[in-house]
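Engineer: The following block contains the structure, expressed as structure tokens.
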Amino acid sequence: MTGKQNPQFIPALGYHWLTPFYDLIAQFTVREQTIKRALIRQADFQGGQKVLDIGCGTGTLALWSQQACPDLAVYGLDADQKMLAKAKAKAKALGARAEIAYQQGTSDQLPYRTGSFEQVFSSLFFHHLDRPQKEATSKEIFRVLQPGGRLLVLDWGKAANLLMRALFLPVQLVDGFASTKDNIAGRLPDIFSLAGFDKITITETFSTLFGTVTLYSALKPDAEKVPPPR
């Protein structure tokens, strides 16, 4: 993942020096409680499920997911070791009921076996990826999901109005116009479809200080419906 200061990834706020402030900024600018709780409600986690948070950052969504369903087996992946260190410290400080399996890695080469998870989700991550990386990541998510598994993505989407479009410009200036153009054009469903997902829907949209956040849901078809590899 190409970044300004590291050839492998873009830091969560565009620059590594902003990483310590990520949780505070997310809390007050993107309605973190509202959008992430919405994803958790949509997920409707069941005990015993194995789930993966891609681009987990400081681990807030992974931790809240585990709190919502204590019997959940939660995995978190991020390319930024500093973010993962904060995630582990947060889980320890807040007394996570079970260990969250954090791992460093990239989304376009997931270090998990095919069919490992019932659900995969991400929050404000896809807009850091350029188009080839978005496509590769979607295909990898499809691979590690079990047949019938669900993908839930919270990310910047097509602006609800001109104000939301204008508010999104600072995000594009920080994270890049190339990586965010598919988001603002509303093309994430097309990318998910190319990876093999169906029943792709927009379940909710949220107006924030930096633009419109969209919650996408998609399903991996049951085994008998998955097309044979080409």
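Engineer: Tell me which residues, restricted to the stretch 112-121, are open to solvent by 50 Å² or more (accessible area, probe 1.4 Å) and outside any strand (DSSP E or B).
Structural biologist: Passing the criteria: Arg113, Thr114.
Engineer: Which of the numbered conditions does Phe206 fail, given that it passes all the others? Conditions: (1) of a type in the set (A, V, I, L, M, F, W, C); (2) in a strand (DSSP E or B); (3) under 12 Å from Leu152 (Cα atoms).
Structural biologist: With (1) of a type in the set (A, V, I, L, M, F, W, C); (2) in a strand (DSSP E or B); (3) under 12 Å from Leu152 (Cα atoms) applied to Phe206, the lone miss is (3).
Engineer: Could you please find all residues in the stretch 44-88 being among the aromatic types (Phe, Trp, Tyr) and over 14 Å from Gln103 (Cβ atoms)?
Structural biologist: Result: Phe45, Trp64.
Engineer: Are there any pairs, at least 6 apart or on different chains, whose C-beta atoms fall under 8 Å, with the first in the stretch 157-172 and closer than 16 Å to Thr214 by Cα and in contact (Cβ under 8 Å) with a residue 12 or more places away in the chain and the second of a type in the set (S, T, N, Q) and open to solvent by 70 Å² or more (accessible area, probe 1.4 Å), and if so, which?
Structural biologist: Going by the 8 Å Cβ cut-off, the qualifying pairs are Gly157/Thr205; Ala160/Thr205.
Engineer: Can you say whether Thr137 is outside any strand (DSSP E or B), more than 20 Å from Lys158 (Cα to Cα), open to solvent by 20 Å² or more (accessible area, probe 1.4 Å) and touching a residue at least 60 places away in the same chain (Cβ under 8 Å), as far as the supplied structure shows?
Structural biologist: no
Engineer: Right, next: Might you check whether a residue that is within 16 Å of the chain's Cα centre (by Cα), closer than 19 Å to Ser217 by Cα, aromatic (Phe, Trp, Tyr) and in a helix (DSSP H, G or I) occurs anywhere in the stretch 122-131?
Structural biologist: Among the residues of the stretch 122-131, at least one is within 16 Å of the chain's Cα centre (by Cα), closer than 19 Å to Ser217 by Cα, aromatic (Phe, Trp, Tyr) and in a helix (DSSP H, G or I), which makes the answer yes.
Engineer: Sticking with this structure for a sec: Any chance you could count how many residues in the stretch 140-165 are crowded, with 17+ Cβ neighbours inside 10 Å, assigned to a helix (DSSP H, G or I) and charged (D, E, K, R)?
Structural biologist: Of the residues in that region, 1 qualify.
Engineer: Gln46 is checked against (1) farther than 25 Å from Gln104 by Cβ; (2) part of a strand (DSSP E or B); (3) not basic (Lys, Arg) and fails just one. What number does that condition carry?
Structural biologist: Just one mismatch for Gln46, condition (2).
Engineer: Here's a follow-up. If a residue has to be out of contact with any strand residue (DSSP E or B) (no Cβ under 6 Å at 6 or more places or on another chain), modelled with pLDDT of 95 or more and of a type outside the set (A, V, I, L, M, F, W, C) to count, how many in the stretch 83-111 make the cut?
Structural biologist: Going through the stretch 83-111 one residue at a time, the tally reaches 5.
Engineer: Further question on the same structure: Within the stretch 192-201, is even one residue part of a helix (DSSP H, G or I) and within 21 Å of Val51 (Cβ to Cβ)?
Structural biologist: Yes, the stretch 192-201 has at least one match.
Engineer: Name the pairs: first residue in the stretch 63-78 and closer than 15 Å to Leu124 by Cβ, second residue among the charged types (D, E, K, R) and outside any helix (DSSP H, G or I), Cβ to Cβ under 8 Å, at least 6 apart or on different chains?
Structural biologist: Hits for this filter: Gly76/Asp53; Leu77/Asp53.
Engineer: Restricting to the stretch 90-111, give me the number of residues that are part of a loop (DSSP other than H, G, I, E, B) and either open to solvent by 30 Å² or more (accessible area, probe 1.4 Å) or of a type in the set (A, V, I, L, M, F, W, C) (or both).
Structural biologist: Adding up the residues that qualify gives 12.
Engineer: Taking the residues in the stretch 29-59 that are of a type in the set (Ser, Thr, Tyr) and in contact (Cβ under 8 Å) with a residue 60 or more places away in the chain as candidates, determine which candidate is most open to solvent (accessible area, probe 1.4 Å).
Structural biologist: Thr34
Engineer: Follow-up. Being of a type in the set (A, V, I, L, M, F, W, C) and closer than 19 Å to Gln42 by Cβ is the filter; apply it to the stretch 166-216 and report the residue that is most open to solvent (accessible area, probe 1.4 Å).
Structural biologist: Looking at the filtered set, the residue picked out is Ile202.
Engineer: For residues that are under 16 Å from Glu118 (Cβ atoms), open to solvent by 60 Å² or more (accessible area, probe 1.4 Å) and either outside any loop (DSSP other than H, G, I, E, B) or not charged (D, E, K, R) (or both), tally how many sit in the stretch 71-89.
Structural biologist: The qualifying residues number 1.
The values are calculated or read from the model by the stated rules, or taken from the named source; none is laboratory data. What you see is a predicted model, and the numbers here were worked out from it, not measured in a lab. Ideal geometry is used to build each Cβ from the backbone, glycine not excepted, and the neighbour counts take in all protein chains shown. Side chains included, ligands, DNA and RNA excluded: accessible areas come from the protein's heavy atoms. Shrake-Rupley method; radii C 1.70, N 1.55, O 1.52, S 1.80 Å.
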